[in-house]
Amino acid sequence: MPMSHRQPRRPAMLDPKRAIAIQGDDDPAQQVGLAHSTAQMLIGTTGSEKERHLLKTAIVRQGIDIVSELWSRCPATTLPGMFWRLYLLYQWYVRDPSTVAQRYQEGLDSPIILGIPKGSAISLKDFFNDVDTLLHASWEGDVTTLFAQAAVICRILASGATFGSSWIITDEDELADQVTRRARALLATADEFEQAARLNNSNRLD
């Protein structure tokens, strides 16, 4: 992956146990720092080996929810913000894989795929297996590629939501979010993934 000379922001590191315990803290700056720290530790770009091991152990024992809430407060074009978007898509797939697969197939079968050429499809199962690996702190792949694949997934799903069945339509759904609502939102999310891939490829993703 091409790298620029610009160094990514390195937030103040905290012991992962402290990061988990402080989730209820109201200090926005502290929350942002923790969100960035945990996201960067998942891909091994910051933190000591011990810190990364502690975080992985905590996630394995308690689930990724212990840090995902921190990510939800971060904007797109940041690493934790994009991890939050991956998390939402992943949770919807885990909860209802048959429906997601149906939407995906509808997108593939639609007259057009919104924003990508025909033949750009990737394996839905392989993609979410990779996201699962990331969210369980065992990722050793290229995040740029994962973001680019996520953009393709969102565009195909958006095509299915447009020409086939509806997406999540009720505000009461626990996974209802601007990331997962309607085709237009999915296309906007695809744009965010594409921008994140470009930024990460040049070492400029915050």
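The values are calculated or read from the model by the stated rules, or taken from the named source; none is laboratory data. Since the structure is predicted, the reported quantities are computational estimates derived from the model, not experimental observations. Here Cβ is always computed from backbone atoms with ideal geometry, including for glycine, and neighbour counts include all displayed protein chains. Heads up: the accessible areas ignore ligands, DNA and RNA and are worked out on the full protein's heavy atoms, side chains in. Shrake-Rupley method; radii C 1.70, N 1.55, O 1.52, S 1.80 Å.
A probe of 1.4 angstrom, applied to the heavy atoms of all protein chains, finds D191 with accessible area near 80 square angstrom.
With a 1.4 Å probe rolled over the protein heavy atoms of all chains, the accessible area of D130, D109 falls in the order D109, D130, largest first. At an R0 of 25 angstrom, the distance between the Cβ atoms of D132 and T77 translates into a FRET efficiency of 0.55. Ligands, DNA and RNA excluded, the heavy atoms of T57 present near 40 Å² of accessible surface to a 1.4 Å solvent probe.
Rounded, prolate or oblate for the stretch 69-142? Axes are the square roots of the Cα gyration tensor eigenvalues, ordered a ≥ b ≥ c, and the cut-off for rounded is a/c under 1.5. It comes out prolate by the Cα gyration axes.
For the pair D27 and T57, the difference between a 0.36 nm per residue extended length and the Cα-Cα distance amounts to 8.2 nm. Around the Cα centre of the stretch 36-159, unit charges on the Cβ atoms of Lys, Arg, Asp and Glu (plus for the first two, minus for the last two) sum to a dipole of about 160 debye. How large is ³J(HN,Hα), in whole Hz, for each residue of the stretch 129-145 in order, when computed from phi with the Karplus curve 6.51 cos²θ - 1.76 cosθ + 1.60 and θ = phi - 60°, using x for Gly and Pro? Taking θ as phi minus 60°, the curve returns 4, 5, 5, 4, 4, 4, 6, 9, 6, 10, 6, 10, x, 9, 5, 4, 5 Hz for the stretch 129-145.
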